[in-house]
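What follows is a set of notes on a single structure, which appears directly below.
The values are calculated or read from the model by the stated rules, or taken from the named source; none is laboratory data. This structure is a prediction, so every number in the text was calculated from the model and none was measured. All Cβ positions, even for glycine, are placed from backbone atoms using ideal geometry, and neighbour counts span all protein chains on display. Ligands, DNA and RNA are excluded from the accessible area calculation, which covers all protein heavy atoms including side chains. Shrake-Rupley method; radii C 1.70, N 1.55, O 1.52, S 1.80 Å.
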Amino acid sequence: QVQLVESGGGLVQPGGSLRLSCAASRTISSFYTMGWYRQAPGKQREFVAVITRGGSTTYADSVKGRFTISRDNAKNTVYLQMNSLKPEDTAVYFCKAVTSPSNYWGKGTLVTVSS
């Protein structure tokens, strides 16, 4: 079993920045990937970014150039640095860990981008 706890969400003005954290209950160095997804009100959950065990990253087109995913294996934590935030980035952000044999999700953290 793996517990994932997201933090760092909140209210920010358009153009602002936030850094989300996802802390895992055990070592993440063996996880295949860790990623961030988001779900806006009335919409389906969508992919945001992922980082592999080897450190490779992939981003959704909508956040490319603005968001950066990183991992700190020593702290068992994955981060999502979000810059130049837009109102359309408003959503609950979820962390996901892909391991063998199971996948795990956190409960999410709310990000609201509004003036």
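Couple of notes before you dig in:
- Counted residues, segment 9-52 - those being open to solvent by less than 40 Å² (accessible area, probe 1.4 Å) and either small (Gly, Ala, Ser) or in a loop (DSSP other than H, G, I, E, B) (or both): 10
- All of (1) out of contact with any Phe, Trp or Tyr (no Cβ under 8 Å at 6 or more places or on another chain); (2) open to solvent by less than 60 Å² (accessible area, probe 1.4 Å); (3) touching a residue at least 24 places away in the same chain (Cβ under 8 Å); (4) closer than 24 Å to Val113 by Cα hold for Pro87 with one exception: (2).
- Residue in segment 53-70 that is surrounded by the fewest Cβ atoms within 10 Å (Cβ to Cβ), counting only those that are assigned to a loop (DSSP other than H, G, I, E, B) and at pLDDT 95 or above: Asp61
- Residue match in segment 53-67 (condition: of a type outside the set (Val, Ile, Thr) and within 18 Å of Val5 (Cβ to Cβ)): no
- All conditions in (1) of a type outside the set (Gly, Ala, Ser); (2) in contact (Cβ under 8 Å) with a residue 60 or more places away in the chain; (3) open to solvent by 40 Å² or more (accessible area, probe 1.4 Å) hold for Val113, with the sole exception of (3).
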